[in-house]
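The values are calculated or read from the model by the stated rules, or taken from the named source; none is laboratory data. Only a predicted model underlies this, so the values are computations on that prediction, with no experimental measurement involved. All Cβ positions, glycine included, derive from the backbone under ideal geometry; neighbour counts span all protein chains shown. What goes into the accessible areas is simple: the full protein's heavy atoms, side chains included, and nothing from ligands, DNA or RNA. Shrake-Rupley method; radii C 1.70, N 1.55, O 1.52, S 1.80 Å.
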Amino acid sequence: SREHYPFNLPVLQRTAALEFDRPLTFFVGENGSGKSTLLKAMAEACGIYIWAGEQRARFDESPYEGWLHRYLRVDWSDGRVPGSFFAAESFRSFRQMLDDWATEDPALLEDFGSRSLMSQSHGQSHMAYFANRYRLVGIYFLDEPENALSPRRQLELVEILKQNAEAGQAQFVVATHSPVLLACPGAAVLSFDRAPVEAVRYQDTDH
């Protein structure tokens with residue numbers, strides 16, 4: 001279909017391929033530009049489980065959005081790796097599920113700072129997850145991770161992303177509106193405000 005979202009987006013119709021040749025890439029663009037939708041579909045195409053957020057009985061998501069990953073082809077440069085998808089709206093469900101599992105196997109918390117994420121504030125639990133989970137080898141997709149973070153915490157997240165990317169163990173793809181995150185040195189910035197998607201300098205973004 002070229003009539004339904006997201007297949008009706010010019011940015012998806014006109015972008016044949018994207019190459020991720022740096023360990024840290026940011027997606028930037030206005031609301032509705034398709035960056036978060038593509039990010040999630042990429043994660044699914046990489047075989048990553050997407051945690052569900054709250055279920056709303058009176059809300060029906062467009063079924064076409066959930067099909068996008070079926071039409072993406074992922075070519076790995078050095079073999080498939082595990083990873084995770086982070087989105088603030090689904091993180092609460094993940095925290096609760098992790099706590100339930102940890103009652104049977106407390107060692108599960110070791111990869112998240114050895115402390116229940118539910119016992120921390122919203123922003124603190126996000127930072128505990130970022131600081132500990134991203135030390136592991138993998139590919140990581142983050143959808144607007146700045147939502148619960150102060151500017152100072154965003155700077156700390158920049159450092160976490162930068163250090164783990166430079167260590168050569170992790171690759172990050174991040175959809176964001178944060179000018180703080182976008183300023184991360186050495187990162188690629190892909191603009192979804194143009195069709196096809198194209199690389200831009202941080203200084204040339206609206207942010």
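A few comments on the model shown:
- Accessible area of residue 90 in the full protein assembly, 1.4 Å probe (Å², nearest 10): 10
- Within region 64-106, the trypsin sites (Lys or Arg not before Pro) that combine a DSSP coil assignment with at most 10 other C-beta atoms in a 10 angstrom radius are 73, 80.
- Value of Rg/Rh across region 1-42 [Cα atoms, Kirkwood radius]: 0.97
- Amide H contacts of residue 174 (H built 1.01 Å from N, under 5 Å, at least 5 apart or other chain): 25, 26, 27, 142
- Exposure check, 1.4 Å probe, all protein chains in place: residue 40 carries approximately 70 Å² of accessible surface.
- The chain: relative contact order as a whole-number percent, Cα under 8 Å and 6+ apart: 32
- Longest segment of the chain lacking chymotrypsin sites (Phe, Trp or Tyr not before Pro) that sit in a DSSP loop with at most 11 other Cβ atoms within 10 Å: 77-207
- Kirkwood-Stokes translational diffusion coefficient of the chain, alpha-carbon pairs, 4 °C, 1.567 mPa s, µm²/s: 72
- Its Cα gyration tensor gives region 150-207 an equivalent ellipsoid, and the semi-axes of that ellipsoid, as √(5λ) in whole Å with the largest first, are 21, 15, 9.
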